[in-house]
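For reference, the structure discussed in these notes is given below.
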Amino acid sequence: MILVLSILIFLLPLAGFIVMALQHPRLPRHGDWLATGLLGAGLVISLVIFRAALHSPSPLLANLTFPWLPTGHGGGLLGGLMVDRLTADMLVVVTLVSFLVHLFSIKYMEGDVRYGRYYCGLQVFSVSMLGLVLANNLLFLYICWELVGLSSYLLIGHWYEKKSASDAAIKAFITTRLGDVGMFIGIMICYLKVGSLQYADLFAAVKTGTLSGGWQTAAGLGIFLGAMGKSAQFPLHVWLPDAMEGPTPVSALIHAATMVAAGVYLVGRVLPIFDAPTLLFIAYIGAFTAIFAATIALVQDDIKKVLAYSTVSQLGYMILAGGVGGYSAGLFHLTTHAFFKACLFLGSGAVIWAMHHEQSMSKYGGLWRKMPKTAFFYLLATLALCGVYPFSGFWSKDAILADALVFNWAHPGHWFLPVAGFATAFMTAFYMFRQYFLTFTGRPRDHHAYEHAREAPWPMLLPLVVLGTLALVGGGLKGEWFAEMNPRLSGIEQVRLFAQAGYTSPIVEEALKATPPEAAATTPAAAHAGAEAAHAEDAAHEEDAAHEAHAAHAAHLLAMKLSSVLGLLGIALGALMYLQRGNGATVINPAWIATPFKQVYTILWHKYYLDELYMAAVILPTRWLGRFTAVFDRVVIDSVVNFFGFFGRLGAFVVDLADRLFVDDWFVNGSARAARLAGDKLSYAQTGRVRQYLVFMVLGIVVISALLVFIF
Amino acid sequence: MDFNKMLLTLITFLPLAGGGLILMTPRERVGTIRWISVATTGIVFALTCWLWWIFNPAAIASGTAYSGYDVKTLTDVPWIGAYHIHYRLGVDGLSVLLIVMTGFLSFLATFVAFPIKKYVKGFFALYMLLVTGMMGVFVALDFFLFYVFWEVMLLPMYFLIGIWGGPRKEYAAIKFFLYTLLGSVLILLVMLAYYFKMQSFEGGKYAEYAFNIPQLVYLQPFHVPDGPTLFQHLMFWGLFIGFAIKVPIFPFHTWLPDAHVEAPTAISVILAGVLLKMGGYGILRLNYPLLPEVGATASVMWFLAILGVVNIIYGAFCALGQTDFKRLVAYSSVSHMGYVLLGVAVLKEEAVNGAIFQMFAHGISSAMMFTLVGVLYERAHHREIARFGGIGTQMPVYFGLAVVGFFASLGLPMMVGFIGEALVFLGSFKYNWLLTCVATSGMMLTAGYILWTMQRVYLGKGKEEHAHFPDCNRWELISLVPMAVAAIVFGVLPVLALNIYQTSTGVFLNLFKNLI
């Protein structure tokens, strides 16, 4: 049943895509309602699956495997799909956001030149993203991974008349493909060592030591490189801000809620493959990305750029969580982030729509008077992103920070991880409220645009309402559901149970339990995530478990307090600097800070000059090398060929000359000339006189006789 | 008479009969001539599909000379009896795949050739001869016959480029002809070596097998216990260069861009789609099986694997630097055929399967790319990438097909290009991980030049000078849509193609079982 549903959920948008790709000009309204309806149906199905996953005694609800790519006799790579709780959760996230974005786009994209094609793009994205989370092996994951890259390329480049849009599309594809190449190398290692790409087989191979040592590290790093590309981790994050060239609903769907989160999903899904050094690498990449992107977001002016860097930063959080082993926290944050960041992007879309496609925040101001509903739900999402109690982001961010703290307590050398996390929390609150105050409060800075601004119509508002509400209750709501199943739990335990039961994948869980003790020791948080069950069986470890639970509890309390304080400080600073008082001035003029730190400001404004660096160090040299190779090919390689041709013709010329001069002229014609000359000269002897002939005859006889006599 | 026994002969010579029919048609009746070609190639394509359908590689027990070949269609009649030259036709999985591909492409290419106005009769008559030559190469199991078809195919190609080509057609045609002929001479020498060897091998017991390819492979007349001799090396490299020119493999590739740029679109389609595969086919049918000891020598494997990687990367860089659209596609062929060489050279099952799939995939994707370029050239009469731009908005249907074609070539999963690449890499990774990692940079470069080209040609604001360009017409759609469908179908269900030739791969690799 679940299997049929999960296949259906995948087939619906696929059928929609095929129909629309071929027939969209002939469908009513280019098939927008059809596409939206299909995703709506998909949402209903995924909710059914999710409900089943909640109540199912077996964590693995469906599993289907079939041979797909034969590689040699007997062997072959399998295709397949599976549904476990992790998948069920991702299905809800993907179909929900996708459905709402479809709905939102009906108004937002109205009258677009390629309206039908846009919906085709959304459909193909939905198909590939659903395939990605349904896959039960690395090969299908990789395939869908590339296909979401394709749909991202198509949708970023939707307005491809603009050079900047097509540039951004290419940049996104190539940058993520760099990660994908790494991932493919990881896949090749797995294939080499294990011979199968099924998750279950890979985890078993790690357990038995078939995949271990340097190969395991390399495979892990390779696969993680794929996650770095898609989830825009430093230094492969550069494509995501540029991807904002795409239509805003696309940014909400692909570049905020779902596709960019695929890397986090991947880290969670294949966590048992990663060994300790890889996990540490993952943690540092995540932490650094979180703080790095947050600093850039501090100064950006484009409303979508701020959100884009915020997304990069939040993805860093999730990756950090995976790295310290708290993958359930990371996936929890993925879900809540999908709600509030999609809400923020769609809200920004409503603002941009109202302001006639003006994206610069320095032109905004006072918009809450014109669009109060948008402003209200935008505020909900902003508060969630800032991690304010009791919004959903508070719970999930707290879970990550707590895991980072626990990790740091176990390994005091790695203080950077929690510190970066808390610093990011502060900066996030600051830049988000900077954005909120600049956009919705104060006096309008562009009066003309302000006058024409209006509240969004219902297809645009409804997604905001749904997502804004989920941003508020997203964490708690599901916690309640879990609490129903076990009413004794409450508070922090609720969140933790939510994280464990709702977001863990049984096969990941199984594999983690089986992680060798030394590996478990190096990743205490990984152990902590799946600890209780394993430890309960082992009485000797009970004390440790209790100790660990205690540490986790303490970490959660500290994380909550600290992040709340930092978040509120950030909001306060934002208010002081950007919330205008009655006279239009702020308490602290931002210029007071920007001017003395001019250089810092410039560096941040230029995003640490990474784009320029890549342009100078990678893109231009590659193009030059291409030019050079092309010229080399023509001038050197082809010249050798032409030289042989020339040589042949030279030889032919020489032979021809010799032929004409020596053979023809001297030998053939020469003998002819000689004959003619002889004839000419001898003709004088032809006098016609008989006496003379007689003399010749006699002379001849004499000479011949003499010769005969003397010689013989 | 058993129809199946006639099948290969029909597939090979039906085009020739069609060509004869064309010759008897009055020159002015252009329409009739075209439809004769369409009908002939259509029937041939149907016959190739029938061949696919009835093909059964398991009928002959393994361990015999003909194992892997299809017994139903084997044809063997003495031709020049005194020299043991036979009219011997037969197919194994590898040939079936390539025959079907050839049937498919030669059928579609006739539609591509519809815009040709000059000497239509001559064009299609030569084209039919070309199809016979190509089919003959893939069905011949007699070395001599193979050589004959190999040469037969050259001649019409020379005229098709030399008469219907672009501004530098004479240069390109002669270059193509002479270059390939140089390779043929080397192949001829090896063939003679085998002929004379068979006269004395085991006291001349097997003299009648002098040109019998499966028997030569089975008997291995030049086999000596202690590894490959210098003479075997010479023969291996003779064959290799002969086929490498056709593939083409760096540094023997420079005839290709010139030939492609000058050739008319339909001929480019055949050139890239089928002719290049003949090189790969020769390597898989003759070069490696006849001389497995050399192919399995460590240094040779290394050298050829590296050469394959060089092809991949060098071709991609060259493509990146091109300013002519068609030249770019030509260099992408050089890059893509590098996967074939890499896959064969490492002698791993996945890789050889991948190399064969890559030949098939490249047949579809490059044919499609050349058709796409041709459609544009038909309208713009130039191919300078820099002068295009914004075609996407002006020709939306064409643009949609172009996206399919270019992404298939890029190696996007669920399209043909991916399967070949992935299998080759999976196999070559087993051979050497470092080399393979270097080769994967080709995936990046390919994405780079494909996307950059698409941006410059299709994306951007529509230009005034392209405003009057009509979208794809009926004939262009008839040729492009099946290619697009094939590009997707075989990407989603690679097993359709793989099931055909996997047995042949196994037979091929059995030759090397005790050597590596």
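The values are calculated or read from the model by the stated rules, or taken from the named source; none is laboratory data. What you are looking at is a predicted structure, and each value in this text was computed from that prediction instead of being measured. Here Cβ is always computed from backbone atoms with ideal geometry, including for glycine, and neighbour counts include all displayed protein chains.
For this structure, a couple of remarks:
- The number of residues in region B:73-113 being closer than 30 Å to B:ILE364 by Cα and either of a type outside the set (D, E, K, R) or at pLDDT below 85 (or both) comes to 27.
- Members of region A:184-210 that are over 15 Å from A:LEU266 (Cα atoms) and away from chain B (no Cβ under 14 Å): A:ASP201, A:ALA204, A:ALA205, A:VAL206, A:LYS207, A:THR208, A:GLY209, A:THR210
- Candidates A:LEU86, A:LEU47, A:LEU39: the one that is surrounded by fewer than 18 Cβ atoms within 10 Å (Cβ to Cβ), touching a helix residue (DSSP H, G or I) at 6+ places or on another chain (Cβ under 8 Å), in a helix (DSSP H, G or I) and not charged (D, E, K, R) is A:LEU47.
- Residue pairs whose Cβ atoms lie under 6 Å apart, separated by 6 or more positions or on different chains, with the first residue in region B:426-447 and facing another protein chain (nearest Cβ under 8 Å) and farther than 27 Å from B:VAL329 by Cβ and the second surrounded by fewer than 18 Cβ atoms within 10 Å (Cβ to Cβ) and among the small types (Gly, Ala, Ser), do not occur.
- Of all residues in region B:193-219 being surrounded by 17 or more Cβ atoms within 10 Å (Cβ to Cβ) and among the polar types (S, T, N, Q), the one that is farthest from B:PRO78 (Cα to Cα): B:GLN215
- In summary, helices (runs of 4 or more DSSP H) completely within region B:422-516 and bearing 2 or more residues that are within 27 Å of A:LYS171 (Cα to Cα) and in contact with an Asp or Glu (Cβ under 9 Å, 6 or more places away or on another chain) occur at B:433-457.
- Some residue of region A:125-133 being under 22 Å from A:LEU221 (Cβ atoms), buried (at least 23 other Cβ atoms within 10 Å of the Cβ) and away from every other protein chain (no Cβ under 11 Å): yes
- Test for A:PHE332: is it under 20 Å from A:PHE104 (Cβ atoms) and in contact (Cβ under 8 Å) with a residue 24 or more places away in the chain: no
- The helices (runs of 4 or more DSSP H) found wholly in region B:248-303 and carrying at least 3 residues that are hydrophobic (A, V, I, L, M, F, W, C) and more than 14 Å from chain A (Cβ to nearest Cβ) occupy B:265-270.
- Hits in region B:449-465 - residues which are facing another protein chain (nearest Cβ under 9 Å) and touching a Leu at 6+ places or on another chain (Cβ under 6 Å): B:TYR449
- Residue within region A:608-623 that is out of contact with any strand residue (DSSP E or B) (no Cβ under 6 Å at 6 or more places or on another chain), among the hydroxyl-bearing types (Ser, Thr, Tyr), in contact (Cβ under 8 Å) with a residue 12 or more places away in the chain and surrounded by 12 or more Cβ atoms within 10 Å (Cβ to Cβ) present: yes
- Entry remark, region B:382-405: residues being within 11 Å of another protein chain (Cβ to nearest Cβ) and either outside any helix (DSSP H, G or I) or within 11 Å of B:THR453 (Cα to Cα) (or both) number 2 in total.
- Restricting region B:484-499 to residues that are within 14 Å of B:ASN353 (Cβ to Cβ) and surrounded by fewer than 16 Cβ atoms within 10 Å (Cβ to Cβ) leaves a set whose member that is nearest to the other protein chains (Cβ to nearest Cβ) is B:ASN499.
Residues are listed down the side, and each one gets a yes or a no for (1) closer than 20 Å to B:MET24 by Cβ; (2) surrounded by fewer than 24 Cβ atoms within 10 Å (Cβ to Cβ); (3) touching a Leu at 6+ places or on another chain (Cβ under 8 Å):
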position: B:ALA113; (1), (2), (3): yes, no, no
position: B:PHE124; (1), (2), (3): yes, no, no
position: B:MET135; (1), (2), (3): no, no, no
position: B:PHE138; (1), (2), (3): no, no, yes
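- Sole exception among (1) farther than 30 Å from B:ALA486 by Cβ; (2) within 14 Å of chain A (Cβ to nearest Cβ) for B:GLU208, by number: (2)
- The one condition in (1) part of a helix (DSSP H, G or I); (2) within 30 Å of A:MET615 (Cα to Cα) that A:GLU161 fails to fulfil: (1)
- Screening region B:140-155 for residues that are touching a Gly at 6+ places or on another chain (Cβ under 7 Å) and in a helix (DSSP H, G or I) and picking the one that is surrounded by the most Cβ atoms within 10 Å (Cβ to Cβ) gives B:MET153.
- First in region A:60-84 and within 14 Å of chain B (Cβ to nearest Cβ), second anywhere and of a type in the set (S, T, N, Q) and in a loop (DSSP other than H, G, I, E, B), Cβ under 8 Å, 6 or more apart: A:LEU77/A:THR71; A:LEU77/A:SER196; A:LEU78/A:SER196
- Remark: pairs (first residue in region A:178-195, among the basic types (Lys, Arg); second residue part of a helix (DSSP H, G or I); Cβ separation under 7 Å; 6+ apart in sequence or on different chains) = A:LYS193/A:ALA205; A:LYS193/A:TRP215.
- Of all residues assigned to region A:215-229, none qualifies as being of a type in the set (Ser, Thr, Tyr), within 12 Å of chain B (Cβ to nearest Cβ), assigned to a helix (DSSP H, G or I) and in contact (Cβ under 8 Å) with a residue 12 or more places away in the chain.
- Odd one out for A:ARG114 among (1) closer than 20 Å to A:VAL19 by Cα; (2) surrounded by 24 or more Cβ atoms within 10 Å (Cβ to Cβ); (3) not hydroxyl-bearing (Ser, Thr, Tyr): (2)
- Of the candidates B:PHE317, B:PHE250, the single residue that is farther than 24 Å from B:LEU130 by Cβ and either more than 19 Å from the chain's Cα centre (by Cα) or of a type in the set (Ser, Thr, Tyr) (or both) is B:PHE317.
- Hits in region B:500-516 - residues which are crowded, with 17+ Cβ neighbours inside 10 Å and within 12 Å of chain A (Cβ to nearest Cβ): B:ILE500, B:TYR501, B:GLN502, B:THR503, B:SER504, B:THR505, B:GLY506, B:VAL507, B:PHE508, B:LEU509
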